[in-house]
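Here, each number is a calculation from the coordinates, and none is a lab measurement. Only a predicted model underlies this, so the values are computations on that prediction, with no experimental measurement involved. Please note: Cβ atoms are built from the backbone with ideal geometry, for glycine as well, and neighbour counts cover all protein chains shown.
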Amino acid sequence: MSDSVRRFPAALDTSVPNVARMNDYFLGGKDNFAADRRAAEQVLAVAPEIRTMARERQAFIARAVGYLTGQGVDQFLVLGAGLPTRRNVHEVAQSRLPGARVVYVADDPVVLSHARALLATDPRTAVVMGDALRPEEVLADPDLRCLIDPGRPVAALIPHTLQFTPDEDDPFKSVALLRDSLAPGSHLVLAHVVFDTRPEVAGPIVAVYQRVLGRSEDTRRTRGQVLRFFDGLDLVDPGLVHLRHWRPDNPLTTRGPDRTWAVGGVGRKPTT
């Protein structure tokens, strides 16, 4: 479908690239515009493996959700949700636990519009407006509380947002507030790009996203810095590792050198 005939909110400026739609392009989706594709191609020109990293993040989230349903977790909160794709969190969770409840949280009007249209007839899944950096406001949302009981264990997933959030916004404090607001036995699932093995691409890629987001702060982090998000939590084995190494469905896929540079992990809030 061409940009000229695609439906989108009237207030949306399609001449401005958008992070969620860029990720949709990396995944081979159709919900993106020319400006998104131009910005995404600037990133791919520096690091073509970004497409693989986007797929690996999606697969990691699905495996983490599968693990958590196996632990009996039936409440999922997706903070900073992207555009709906295949194997969304609610689809994975409810295929294993039909009664599982999922709430997506986003502040992007395009994401909100698409997700609400997709989930309009699903009584166990909701989409609410909110910011991952303000978890207390998110957890107080009445629509969220219709499905999620914060007094019981919840799996909070942050698949995208933190890697675009500079230290100046104090994301470590926000994640700590989220941790403290959730019941013992809750989990944090997090994926984050790191530049330990590819420092040479950090500058050009950060510069693209600075232009897209209209900010000047540097958001690059190392694995050691990302590990701080799990303070106060018990990391589930195998810890904070490259995405493909987190409980792979087929161990053979992890052989050979890592050509991607994003990490993921699952942390559990202690019960005592």
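Taking other Cβ within 10 Å of each residue's Cβ, how do L178, L252 sort, fewest first?
Ordered from fewest to most neighbouring Cβ atoms within 10 Å, L178, L252 come out as L252, L178.
Which distance in nm do the two modelled labels at E91 and R220 give, with both placed 7 Å along the Cα-to-Cβ direction?
With each label point 7 Å from Cα toward Cβ, the separation is 3.5 nm.
Kirkwood hydrodynamic radius (Cα pairs, Å) of the chain?
19.0
Which of these, A155, A120, A20, has the largest mean-square fluctuation under a Gaussian network model of the chain (Cα springs below 10 Å)?
Maximum among the listed residues: A120.
At 7 Å along the Cα-to-beta-carbon direction for both R211 and K173, put a label point, then send me their distance in nm to one decimal.
Taking the two extended label points, one gets 3.2 nm.
Can you give me the C-alpha center-to-center distance between the range 92-111 and the range 113-155, rounded to a whole angstrom?
Using only Cα atoms to place each centre, the spacing works out to 8 Å.
Between beta-carbons, use under 11 Å as the cut-off and find the net charge around F230, counting Lys and Arg +1, Asp and Glu -1.
Local net charge: +2.
So if I place +1 on the C-beta of Lys and Arg and -1 on the C-beta of Asp and Glu, and nothing else carries charge, what would the dipole magnitude of the chain be about its Cα centre? I want it in debye, nearest 20.
That gives a dipole near 840 debye.
Assuming R0 = 30 Å, can you tell me the calculated FRET efficiency for the pair T272 and D13, based on Cβ-Cβ distance, to the nearest 0.05?
The computed FRET efficiency comes out at 0.05.
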